[in-house]
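The values are calculated or read from the model by the stated rules, or taken from the named source; none is laboratory data. Model, not experiment: these values are computed from the prediction. Every residue, glycine among them, receives a Cβ derived from its backbone with ideal geometry; neighbour counts consider all protein chains shown.
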Amino acid sequence: MNKKILVADDEESIRWVLGKCLEKAGYRVEYAVNGSEALEKSTTENFSLTILDITMPELSGLEVLHEIRLRGMDLPILIITAQNTVKNAIDAMKKGAYDYIAKPFDLDEVRLTVERAIEGHENAKKLNSLKATLHEVNEKQHGIVGKSSSMLKIYKTIGRIADKDLTVLIQGESGTGKELIVRAIHINSPRKEVTLVSVNVNALPKGLLESELFGYEKGAFTGATIRKQGRFEEASGGTLHLDEIGEMPLDLQTKLLRVLEEKKFYRLGSEKPDDIDVRVIASTNKKLEDEVEAGNFRQDLYYRLNAITIEVPPLRERKEDISLLLEYFLEKYSIELGIGEKTITDEAKGIMLDYSWPGNVRELENTIKRILVLSSDMNITSDILIDAAPYLKGLEKQDPFSDLFTSRLKKLINDNKENAYGGVYDLVIRKVEKPLIEEILKISKGNKKKAAEILGINRNTLSKKIEEYGINFKHILQ
């Protein structure tokens, strides 16, 4: 063990008893007979722990403790007191003691307390180191996790547009991580040294939104006793994130459009415009194009905002990222919550992979936090998972193929709803039937008879389909 402990007490008998107890436990022990000596040794030598009597000549144990903490030293300290009072206990803990021991003390209790104090201190140092590492990793990847093709496309887009001073529109369901993409764009832009200001349009009463964005002059309305800075002004030189932009009232949309076009804004109660230098990034969980068609959003503002559009896919459409997110959140919150490293069984992971995650990444993140807090087991099994998050069992659990197919089907129909009117059925059948036949022909190694048997159709029907779709045998059998 070879850890060194300082025992400071003016009573020789106490020093002797504690020393023998700690040496028997495998520690090296040094001694101090008064507060001054204890302070000097604690601050000049490398001890794993210091034990201080509360009453000593020259400096009391609490005074030594206070001075050690003032000097920024982080070693664990135990206080010994002959007066086991509430005041002594409170004073010791307030000044930064790990614990206190009342005289007469039980030597087994002393030994266990010393072991816990040293072990706890070492674990805390490891945890702080892990937190620093995690923070560094988070800063590098901006908290965005994923290696799916859709996420790689987003990373490339961020890289291309971050240093271009264009407005950006980010669309995606709630919980997909739109705010992380906003932050990644800002941090990688020339404006990174200036603030990123976020405003949730939907979280503010409609009557207060204009004054929140643009500020107001003193006397602009009843209760306006001072001049107030708005969020545009607060973000000057930096980035303004307008979250849930689809909820902005039409009259305020007009004013926002003018601000974006003229680079000027008016505070409420002012007739003089002020110049602004702000990059605007808007995000929404709505399809703004649909909102324009419905008359809820100005078309000219929509065109102004979507100079660059980033579509963030829901988690159910990038299920290959779930395992990465699981590992990331398990590590992150094990460290942040001070919980030991936990593992997850393949069966439990399978349940999470099959779940539809209607709340997207945010729901997955909160589920991991919930499991870590509610379960004391170091291995997360399916039973522990369902017990902590019962919504993962039952109707919410979806067939992954059906779930993925449905989401792709919706996109296919939406993308072709104008050109394919009256022919949606044929469109979908062709999209599904051709790759199905190609895949079965690969399995049968080009044997039409066997392929027809697998498909459950007539061989002549299969031949007609191959001709109709122009399926290339050479390409399939490569």
Condition check for T309: hydroxyl-bearing (S, T, Y) and assigned to a loop (DSSP other than H, G, I, E, B): no
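Let's see how each residue does on (1) among the aliphatic types (A, V, I, L, M); (2) farther than 30 Å from K255 by Cβ:
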| residue | (1), (2) |
| --- | --- |
| D290 | no, no |
| A294 | yes, no |
| Y303 | no, no |
| P314 | no, yes |
| L325 | yes, yes |
| E331 | no, yes |
| A348 | yes, yes |
| W357 | no, yes |
| V361 | yes, yes |
What do you reckon, is L213 in the same structural domain as K272 (by TED's automatic domain parsing), aliphatic (A, V, I, L, M) and within 25 Å of N296 (Cα to Cα)? yes
Hey, any hits in segment 370-380 for a residue that's modelled with pLDDT under 90, assigned to a loop (DSSP other than H, G, I, E, B), closer than 28 Å to S174 by Cα and not aliphatic (A, V, I, L, M)? yes
Tally of residues being in contact with a Leu (Cβ under 8 Å, 6 or more places away or on another chain) and under 19 Å from S236 (Cα atoms) across segment 174-186: 3
From the options L52, L78, residue that is in a strand (DSSP E or B), in contact with a strand residue (DSSP E or B) (Cβ under 8 Å, 6 or more places away or on another chain) and within 19 Å of E122 (Cα to Cα): L78
Collect the residues in segment 283-299 that are touching a helix residue (DSSP H, G or I) at 6+ places or on another chain (Cβ under 6 Å) and in contact (Cβ under 8 Å) with a residue 12 or more places away in the chain, keeping them in residue-number order. S283, T284, K286, L288, E291, F297, R298
Given the conditions (1) farther than 16 Å from D277 by Cβ; (2) surrounded by fewer than 21 Cβ atoms within 10 Å (Cβ to Cβ); (3) in contact with a helix residue (DSSP H, G or I) (Cβ under 9 Å, 6 or more places away or on another chain), which single one is not true for T167? (1)
What pairs come out if I take residues in segment 322-346 that are of a type in the set (S, T, N, Q) and pair them with residues that are surrounded by 14 or more Cβ atoms within 10 Å (Cβ to Cβ) and assigned to a loop (DSSP other than H, G, I, E, B) whose C-beta lies under 8 Å away, six or more apart or interchain? S334/K342; T345/T381
In this structure, is L305 modelled with pLDDT under 95, crowded, with 20+ Cβ neighbours inside 10 Å and not acidic (D, E)? yes
Those residues of segment 170-191 that are buried (at least 16 other Cβ atoms within 10 Å of the Cβ) and assigned to a loop (DSSP other than H, G, I, E, B) come to a total of 7
Residue pairs within 6 Å by beta carbon, gap of at least six or interchain, first lying in segment 252-272 and at positive phi, second among the acidic types (D, E) and assigned to a loop (DSSP other than H, G, I, E, B), listed first then second, are G269/E217
